[in-house]
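Beneath this line is the structure, given in structure tokens, with notes to follow.
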């Protein structure tokens, strides 16, 4: 009898924690929306939502690649530098036409990803070290290619940055499409399934004959490509290439979005819906605090609290 | 010198040590042996202060002792040399030797000249000559082992514990090591020696303690014990006492065809395998016998491409298979059920469905897109055929019982339509009911024409399940038992054989396998 009486609340608590871990990020977004609707003037306007969405798009796109890397039990610190490299390449190749510039920028990101992936898969360098090397090298290369800020004056780029379809800005549409694509890849393709197996148990995946190296290289190539796309969208929106500051600390924002979204750092799971919500949560949090005239340091503290909460929930889960 | 009485240590679900009495005397080399899970490591960890005993006394130099940490034990004079050398690879040999007690000059800085001289002397004492200023990692594994040993001895050790010290040594280095051990014995140091190599035990040890299932089954002078008896004690099987039939679910007889489906020729892996050859015919279960560390798992892994061999060939149905590549082996039809099911077999976080489909995914996909209906069909078929008990195909494999995890792994491989199944301890750690089911399944698979390689520490399982048994010792084939010669007694005596392999042709039917020379270890 006592066992039963003691057992019940504990099980309930576990259950609640598990639900919180899975759906906490959505709850967070809902709460923030509610708070803003009630207390923030002019929050419920199309213009405001557009602004928020446009701001979150690059972070979200980078976070999608980061989710793949983290799902494979790795991490990609080079994403911010890839954005910088992408913006430099656009400025350099814009003369050949806007499409050439965009393609070259994405190829550049994929090349960095291939270097990351090769270091990880073939040489066995730890992901955090390999991508740290490319983070430094990538930013350096971006600055060599384009030493200082340069305006990007191109009508196509301008429309990519500020145009809209049915009232939805292009960057937001692109981010949404990429999120759907990555979710589809994770759920439905052999690559996605193999990626999860490798992230969960590398020795088992190897003994099951999975192409471990190929999958790992592809993961980082995908992450590089996505970061490059984020870079070119940011360039289009700013109408300028700024390789010194574009993408600074982006890797940390992306990791935050992924972790807050409930993807465990230990690999083996990728939650795309959660990652999207995680990026939105951080964006809303920042916006809320700014709109209420709180200093930027408050934003950082609030972010830190959210991260700690997310990690706490994840810890409870892994202990079971 | 160091003794324990009534030592008991339990972990959740297991009693690792059960009222163990053990005494290591000064000037004696004491062998500590036992199969996997017998309690050797636990005993060593209690002696060195890593674990605290639940009950029982530890006495050191005639006085009760209780070491709270490994450091305390070390300071008291108990040194341990582990299988894997635990030194700092980038530091110089001398710094490693004197780490934490470097000689200092008047300014309190390290006196390098004195340090190098002292280190050199310590190594010379052991008959090792190396430049002590060079980083440790430039030395061979054997020399590194010697540095570890010199370090252990130079801290004024009175008890030295060696955990499989020879597993990565060359024969010459083993001889040096034995010289050092004898020297330690002369100095009145108590040596506790853990090894599975019988030749080594008889070459260097005075006394022996055999552990089995956490209990001491024998202790006494080694000279009084012949090899056969020692092996019987370790495995817990008395000669002539083994139940003959009906303990397992095996029927025993299969109709094997004449042409082998798998042929492994002279597989060699440095320090692990020397020239192992074997072949498996369709519909045949070939057992792989031998003690722990004899190279059974390594043989299976080398065949399955998970352990790249230095030399040797693997052919499946006459076609050569690229060695050292798991995907190549799997394409050729070789499937391995690894020994460590949890770490190397199942992917615990994924569902039953994903685990079953894992290896076959490329076959169940079109243009990289997984065909879910085909996956469902296969998963459904195998879950029913193997009677996998799960709440559904979407339950996580990590939540299943050991037996069901094993069935999931079997299903993963059967979905690939393999020609050869390599089963490494397929029934270890699973409950009795599931064990019988898995055994019956192995039987059925062989009857369906699969070639099966069965590795098992369970003697009844091996004898009753196999049509033939290839016996390994120190990484080489020593004997092959066929047909009616497959009996527990024959297996025991084969395992206990002295010296090198009798005839290493090992069933390479008519193959030109030259006899391989076993490394001399004494």
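The values are calculated or read from the model by the stated rules, or taken from the named source; none is laboratory data. The structure displayed is predicted, hence computed values, not measured ones. Positions of Cβ are generated from backbone atoms using ideal geometry, with glycine treated the same way; all protein chains shown enter the neighbour counts.
Annotations for the structure displayed:
- Test: residue in the range B:169-180 that is in contact with a strand residue (DSSP E or B) (Cβ under 7 Å, 6 or more places away or on another chain), more than 27 Å from residue B:55 (Cα to Cα) and either crowded, with 21+ Cβ neighbours inside 10 Å or free of Cβ contacts under 8 Å to residues at least 24 places away in the same chain (or both): no
- The requirement of being closer than 30 Å to residue B:404 by Cβ, surrounded by fewer than 21 Cβ atoms within 10 Å (Cβ to Cβ) and within 8 Å of chain A (Cβ to nearest Cβ) is not satisfied by residue B:338.
- Taking the conditions (1) away from every other protein chain (no Cβ under 13 Å); (2) crowded, with 22+ Cβ neighbours inside 10 Å in turn, residue B:412 satisfies each one other than (1).
- Subset of the range B:365-382 (residues that are at the interface with chain A (Cβ under 10 Å from one of its Cβ atoms) and crowded, with 19+ Cβ neighbours inside 10 Å): B:365, B:370, B:375
- Selection status of residue A:172, in contact with a helix residue (DSSP H, G or I) (Cβ under 6 Å, 6 or more places away or on another chain), more than 9 Å from every other protein chain (Cβ to nearest Cβ), touching a residue at least 12 places away in the same chain (Cβ under 8 Å) and more than 25 Å from residue A:280 (Cα to Cα): no
- Where helices (runs of 4 or more DSSP H) sit wholly within the range A:215-320, those with at least 3 residues that are more than 18 Å from the chain's Cα centre (by Cα) and surrounded by 16 or more Cβ atoms within 10 Å (Cβ to Cβ) occupy A:272-291, A:296-319.
- Residues considered: B:35, B:62. Of these, the only one that is surrounded by fewer than 21 Cβ atoms within 10 Å (Cβ to Cβ) and in contact with a strand residue (DSSP E or B) (Cβ under 8 Å, 6 or more places away or on another chain) is B:35.
- Among the residues making up the range A:181-214, a single one is more than 23 Å from residue B:345 (Cβ to Cβ), facing chain B (nearest Cβ under 7 Å) and assigned to a helix (DSSP H, G or I): A:188.
- The number of residues in the range B:42-68 being in contact (Cβ under 8 Å) with a residue 60 or more places away in the chain and more than 15 Å from residue B:4 (Cα to Cα) comes to 0.
- Residue check, residue B:449 surrounded by fewer than 21 Cβ atoms within 10 Å (Cβ to Cβ) and more than 20 Å from residue B:303 (Cβ to Cβ): no
- If you go through the range B:326-335 and keep only what is more than 9 Å from chain A (Cβ to nearest Cβ) and over 20 Å from residue B:296 (Cβ atoms), you end up with B:332, B:333.
- Any hit, the range B:350-360, residues being in contact (Cβ under 8 Å) with a residue 40 or more places away in the chain, within 28 Å of the chain's Cα centre (by Cα) and more than 9 Å from every other protein chain (Cβ to nearest Cβ): yes
- Considering the range B:308-325, and only residues there that are within 23 Å of the chain's Cα centre (by Cα) and in a loop (DSSP other than H, G, I, E, B), the residue that is nearest to the other protein chains (Cβ to nearest Cβ) turns out to be B:325.
- Selection over the range B:341-359 of residues that are assigned to a loop (DSSP other than H, G, I, E, B) and either crowded, with 22+ Cβ neighbours inside 10 Å or on the phi > 0 side of the Ramachandran plot (or both) gives a count of 5.
- Residue in the range B:369-386 that is in a loop (DSSP other than H, G, I, E, B) and either closer than 30 Å to residue B:488 by Cβ or in contact (Cβ under 8 Å) with a residue 24 or more places away in the chain (or both) present: yes
- Looking at the range A:31-130, the helices (runs of 4 or more DSSP H) lying wholly inside it that each contain 1 or more residues that are modelled with pLDDT of 90 or more and over 30 Å from residue A:268 (Cα atoms) sit at A:79-93, A:98-118.
- Within the range B:387-409, being touching a strand residue (DSSP E or B) at 6+ places or on another chain (Cβ under 8 Å), touching a residue at least 60 places away in the same chain (Cβ under 8 Å) and away from every other protein chain (no Cβ under 13 Å) holds for one residue alone: B:406.
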